[in-house]
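Have a look at the structure below before the remarks.
What follows is calculated from the coordinates using simple rules that are stated; it is not laboratory data. For clarity, every value in this text was computed on a predicted model and none was experimentally measured. Don't worry about glycine lacking a Cβ; one is built from the backbone with ideal geometry, like all the others, and counts go over all protein chains shown.
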């Protein structure tokens, strides 16, 4: 009976598969955070655009600003700019984080594929060894059967020779 294939590094391969899955999950989370920041930035841009359009319409009507309205406008505009800078900073940070996690995920994938390829080569070598053993076994059986047939023929010839001499 042929021995069963066992990959000695199966536990390491399982560990690397889990590590690859963890890295992929971390990458997905970082991409999700980046997407959230990008969506928040888009929403902020829409709010800012709406504010500027409202202010533009107010100016077109040639309405006068008093000091409080001018201060409120400046403060709100400044707050919008600070908030946009913060969103841009977060977007840049999360983009960098996504890139770092992508590199780690690719490295984990390469490490796993390395062991997968090694396992496949070992399995192929094992299959070749099993086939060789089976072929050797079949050759032995054929050789024994041939020898028995030859002996049987030789025995029949000896019987015939004895019968002819009589």
Point to revise | Two-site label geometry, residue 93 and residue 7: point separation in nm, points 7 Å out along Cα→Cβ | key: 4.0
**Study point:** Principal-axis tilt of helix 10-60 within the chain, Cα atoms, nearest 10 degrees
**Key:** 20
Exercise for review: Rounded to the nearest 10 degrees, what's the angle between the helix 67-165 long axis and the longest principal axis of the chain, both from Cα atoms, 0 to 90?
Suggested key: 0
**Study point:** Listed values (i) 1.17; (ii) 1.25; (iii) 2.65, entry calculated as Cα Rg over 2.2 N^0.38 Å
**Key:** (iii)
Revision key, fill the gap. Rounded to whole angstrom, the alpha-carbon centroid of the range 1-20 lies from that of the range 104-134 at a distance of 9
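What length, rounded to one decimal in nm, is gained on full extension from residue 77 through to residue 100, with 0.36 nm per residue of separation minus their alpha-carbon distance?
Working: separation 23, 0.36 × 23 = 8.28 nm, distance 3.46 nm.
So the chain would gain 4.8 nm between residue 77 and residue 100.
At a Förster radius of 35 Å, what calculated FRET efficiency corresponds to the Cβ-Cβ distance of residue 138 and residue 110, to the nearest 0.05?
Calculated transfer efficiency: 0.25.
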**Study point:** Rg followed by Dmax, in Å, when the range 35-88 is reduced to its Cα trace
**Key:** 13.1, 41
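Return a whole-number percent for the relative contact order of the chain, with Cα pairs under 8 Å and 6 or more residues apart as the contact set. Don't skip to the answer; put the middle values down first.
Values: 57 pairs, mean separation 77.9, N = 166.
Computed over the chain, the figure is 47 percent.
What FRET efficiency would be calculated for the residue pair residue 147, residue 122, taking the C-beta separation as r and a Förster radius of 25 Å, to the nearest 0.05? Could the numbers behind the result be given before it?
On the way: r = 37 Å, r/R0 = 1.49.
Once the sixth-power term is evaluated, E becomes 0.10.
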